[in-house]
1. Looking at segment 134-180 only, could you name the residues that are touching a Cys at 6+ places or on another chain (Cβ under 8 Å) and outside any strand (DSSP E or B)?
2. If we scan segment 222-243, do we find a residue that is crowded, with 19+ Cβ neighbours inside 10 Å, modelled with pLDDT of 90 or more, more than 19 Å from the chain's Cα centre (by Cα) and not in a loop (DSSP other than H, G, I, E, B)?
3. If we keep just the residues of segment 130-156 that are closer than 28 Å to residue 187 by Cα and small (Gly, Ala, Ser), which is surrounded by the fewest Cβ atoms within 10 Å (Cβ to Cβ)?
4. Give the residues of segment 42-77 that are surrounded by 13 or more Cβ atoms within 10 Å (Cβ to Cβ) and not in a helix (DSSP H, G or I), sorted by residue number.
5. Does residue 187 satisfy the condition of being in the same structural domain as residue 260 (by TED's automatic domain parsing) and touching a Pro at 6+ places or on another chain (Cβ under 6 Å)?
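The values are calculated or read from the model by the stated rules, or taken from the named source; none is laboratory data. In this text the structure is predicted, and so the values were computed from the model without any measurement. Quick reminder, even Gly has a Cβ in these numbers, built from the backbone with ideal geometry, and neighbours come from all protein chains shown.
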Amino acid sequence: MKIISNKLASLLSRAGIFAGAWLATAAHAVNDLPGGPSVNQLNFAAPATKIAEEQHWLHWMMLIICTVVFIAVFAVMFYSIWKHRKSVGHKAADFTAPKSRKQWLWTLFPFAALLVLDYGVFGIPAYHAVLMYEDTKTDAELVVKVTGSQWLWEYEFPAEGVKFYSRLATPRAQILNEQPKGEHYLLEVDNPLVLPVGKKIRFITTSNDVIHSWWVPAFGVKRDAVPGFLREFWAKIDTVGTYRGQCSELCGKEHAYMPIVVNVVPQAEFDSWLKSKKTPL
């Protein structure tokens, strides 16, 4: 009896801990964050580029097809198990390779179907998305160099002579639970990157120390920043707004404190911001 009561007390204690953690989480996750994560979000972030739209379409197309294939395969498998069970007199086959035409068809048809799915239905659209990501057919209208460091981002517009740092703006007191958490906790910076809407932008990524990764989900782009290497990708942002991302490569003890904030604005507003940022390099 004593053992049972001890186990019950342990279970109740664990339940209390879980309930407390859930209540603490619920107290902070109150509103959707425009350009960032949403409460109870299950889907990708709302796309702001053609690349992200292509990824959304690919994701749902592949998910639906894979679900249909999964249901069909398991339906046939469970039906075969039930129909040919031993209790109704069936005996398991003892062959190790296809011998009849029917057996060859059952072997080759799934193989051919997988080839068509992998290389045709999935492969061609995926390859098209990669080409969009690496679109070098036309010249970029703006070049942005992104340099990762422990634990901040450096942005540079080489042709315009502009360079600045972007650091986490969340007060340390909030991180140490000495103050209430703010609305943009761990997702706010002192100097957001500002970009013009509707312009083809070439991003160049690198790093000063370890590997980082610049990732904004709404743009559908993610590129590692590797020390000693210049890596690039292209994107054209179609919608004005504020977009948020994070470093997505484990880079040290403050990896979680490298948020990305991008303000996408009309060209005139971007020109004004760029002029205010111009300083000699």
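1. Of everything in segment 134-180, those that are touching a Cys at 6+ places or on another chain (Cβ under 8 Å) and outside any strand (DSSP E or B) turn out to be 150, 151.
2. No, the conditions are met nowhere in segment 222-243.
3. Among residues in segment 130-156 that are closer than 28 Å to residue 187 by Cα and small (Gly, Ala, Ser), the one surrounded by the fewest Cβ atoms within 10 Å (Cβ to Cβ) is 149.
4. Within segment 42-77, 44, 45, 46, 47, 48, 49 meet the criteria.
5. Yes.
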